[in-house]
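Contents: one structure, followed by commentary.
Please treat every number below as a calculation from the coordinates, not as lab data. Worth saying up front: this structure is predicted, and the values here are computed from it rather than measured. Every residue, glycine among them, receives a Cβ derived from its backbone with ideal geometry; neighbour counts consider all protein chains shown.
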Amino acid sequence: MTEDKETIKMNSKQRLMLRHFIGDLEKHRGRHTELVSVYVPAGYDLNKIINHLQQEQGTASNIKSASTRNNVTNALEKMIQHLKLFKGTPPNGLSVFSGNVAEREGVQDYQVWSLEPPVPLNIRMYRCDKEFVLDPLKEMAAHEDVYGMVVIDRRDATIALLKGKTIVPLQRTHSEVPGKMKAGGQSAPRFARLREGAIRDHYKKVADYIQEQFIYMKELKGILIGGPSTTTNEFVNHDFLNPEIKHKILAVKDLSYTDEFGLQELLERSQDVLAEAEVAKEKVAMQKFFHLLATKPEMVSYGEKQVMDCLAMGAIDLLLISETKADNLEKLEEEALKFATNVEVISTETREGVQLRDMGGYAAILRFPVQV
């Protein structure tokens, strides 16, 4: 598979499982540069990787320190034998980690981990270090929510997408609005009317472009708009934008620029809004649970045993799992799938998320009352 990773959608559950995998590996430290990390890109010949690691075994025999030499060569051997179990490189590539992870010096505990990432790898790497190299997976695990970006003044506008931390310009337009100095022979009122008409035409054109780009984009989480406050007030508060587009506006920021610098400035000034948007969906789900708990307690359940019993009966409409309980996520999702139960993983970044954690990490909104 050679599909670019930006076109692949990673859901929140895959991202959370990836973060737990990263967290497990981050716990391990080597005494010297003896922990081995290998990244195999999608579509790359796995046999070439195995041959390369065998060559590295020969090179490692020159390491002066006997303990480091043994740890590296044994880690490489463990990894080679593990890779030979694969028939070929998995569709999304492969990340593999191996080393002596014993906490006490002189003790041997060689372990190997491998992961086919949820989106295709596009890098090839071999490295020995005191810790596993996890930056490529961390970048992958970062939020990749999609937001629309618009920077506008009376002369120019730029429309872009924000994917994770990457700004992708989509469209740039320039207006025919004349400068404030009127042309010779024209009366001031006539010139002012012409200028105001050109500004309105510019706003209408930008609004049309925004609608073309964003109206059918289902993955769009919201739209950020920036520019001089006079312009953004005129543009947003009048009838240029489709009501559905207006509903998606998360923030309007006062900016100095309307080009690529403006997009960067808009991103910097919208960090608070973006952070809130990431947890907004979780908050809504948890607030619904607590509202039902207070008004219709028979329509909710919480606590691991009670929730698991309800899940087995097919009684759960929405299963809420704290990220602190994500080790059981895969098994729970399989069970939830049998009954078309929706699953939402709740972070501990909100007050509601902390409450769920303190309640045992499991809660549910029910389809019907259950006696358990």
Quiz item: Are any of the pairs 78/305; 84/325; 27/64; 204/283 more than 30 Å apart by Cα-Cα distance, and if so, which?
Solution: 78/305; 84/325; 204/283
Practice problem: Select from 159, 245, 22 the residue whose mean-square fluctuation is largest in a Gaussian network model of the chain (Cα-Cα springs shorter than 10 Å). | Solution: 245
Self-check item: Percent of C-alpha pairs per 10 Å bin, region 191-235, short to long
Solution: 23, 44, 25, 7, 1
Exercise. Have a look at 263, 146, 191 and report the one farthest towards the positive end of the charge dipole of region 146-269, computed about the Cα centre with Cβ charges (Lys/Arg +1, Asp/Glu -1).
Key: 191
Quiz item: Label residue 57 and residue 351 with points 7 Å out from Cα along Cα→Cβ: what is the distance between them in nm?
Solution: 5.9
Exercise. Please say if the chain is rounded, prolate or oblate, where rounded means a/c under 1.5 for a ≥ b ≥ c the square roots of the C-alpha gyration tensor eigenvalues, and otherwise the choice is prolate for a/b larger than b/c and oblate otherwise?
Key: oblate
Quiz item: GNM on the chain, C-alpha springs below 10 Å: top fluctuator among 132, 86, 235?
Solution: 86
Exercise. Sticking with the crude label model, points 7 Å out along Cα→Cβ, report the distance from residue 292 to residue 204 in nm, one decimal please.
Key: 4.8
Quiz prompt | Cα gyration tensor category, rounded, prolate or oblate, for region 218-330 with a/c compared to 1.5 | solution = prolate
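Report the gain in length on full extension from residue 125 to residue 371: 0.36 nm times residue separation, minus Cα-Cα distance, nm rounded to one decimal.
The residue 125-residue 371 span can extend by a further 83.1 nm.
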Quiz item: Pulled fully out, how much extra length does the chain show between residue 327 and residue 108, if you take 0.36 nm times their separation in residues and subtract their Cα-Cα distance?
Solution: 76.2 nm
Quiz item: Between residue 138 and residue 229, what length comes free when the chain is fully extended (0.36 nm per residue of separation minus the Cα-Cα distance, one decimal in nm)?
Solution: 29.1 nm
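Rounded, prolate or oblate: which one fits region 10-111, using the alpha carbon gyration tensor with axes a ≥ b ≥ c (rounded when a/c is under 1.5, else prolate when a/b beats b/c, else oblate)?
oblate
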Quiz item: For the pair residue 242 and residue 254, how long in nm is the line joining their label points, each one 7 Å along Cα→Cβ?
Solution: 3.1
Quiz prompt | Nearest-20 debye value, the chain charge dipole, Cβ charges on Lys, Arg, Asp, Glu | solution = 600
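How high is the relative contact order of the chain, in percent, counting Cα pairs under 8 Å that sit 6 or more residues apart?
Rounded, it is 13 percent for the chain.
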Quiz item: Antiparallel as a % of all DSSP beta bridges within the chain, to the nearest 5?
Solution: 70
Quiz item: When the chain is modelled as a GNM with alpha-carbon springs shorter than 10 Å, which of 248, 64, 283 fluctuates the most?
Solution: 64
